[in-house]
Amino acid sequence: MGWLLLLPVALAAGMAAPTQFAINTQLRQVVGGPVLAAALSFLVGTVVLFATTALVRRSVPELGPIASAPWWMWTGGLLGAFFVCASIVLTPRLGAATTVGLFLTGQVIGSIAIDHFGLLGVPVQPASLTRIGGAVLIVIGVAIVQRF
């Protein structure tokens, strides 16, 4: 699939984040807390993902490779839970735009570090001054969004 065809998918996924933040913030009010709201959000997502897996896979995966995966590969769910809980707590306090902007800033800084050092199996892409400058511009943009 060409880069231009992937662009709308990436933009839609990006727009899904603040929508999810707002929905989960409202769910928090109904269920009485951010952790339960996040758990319910993950439960729905888990059901949908298992159902989708059942539809698209032709065979059951072998458990051997799954069970022998390095410990750190299992931390993705932990990080996702932190991300969702943080969004539920921060969105009503900071607003959707500032929350997403700060998350984006953290994502770009973390991504530059992961790329630069080739962490977690990602190909090395040095942290050039241009890339660092782009991250600084994001920080400035978030500050403008927050201030005005």
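Each value in this text was obtained by applying a stated rule to the coordinates, not by laboratory testing. Treat the numbers as computed from the prediction; the structure is a model and nothing was measured. Because the Cβ atoms are built from the backbone with ideal geometry, glycine has one as well, and the counts that use them run over all protein chains shown.
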FRET E, pair Arg131, Trp72, Förster distance 22 Å, beta-carbon r, rounded to 0.05: 0.30
Based on the mean of other beta carbon atoms within 10 Å per residue, what is the order of 93-105, 110-122, 64-76, most packed first? 93-105, 110-122, 64-76
Just checking my list (i) 2, 8, 11, 15, 19, 18, 15, 8, 4, 1, 0; (ii) 2, 9, 16, 15, 12, 8, 6, 5, 4, 4, 4, 4, 4, 3, 2, 2, 1, 1, 0; (iii) 1, 9, 16, 15, 15, 15, 13, 9, 4, 2, 1, 0 against P(r) over Cα pairs in 5 Å bins from 0, in percent computed from this structure; which label fits? (i)
Length gained, Ile109-Ala13, 0.36 nm per residue minus C-alpha separation, equals 32.6 nm
Please give, to one decimal in nm, the separation of the simple spin-label points placed at Trp3 and Val47, each 7 Å out from Cα toward the Cβ. 4.0 nm
Per-residue ³J(HN,Hα) for region 27-32, Karplus 6.51 cos²θ - 1.76 cosθ + 1.60, θ = phi - 60°, Hz, x for Gly and Pro: 4, 4, 5, 6, 8, x
Gap separating the Cα centres of region 3-82 and region 102-148, nearest whole Å: 23 Å
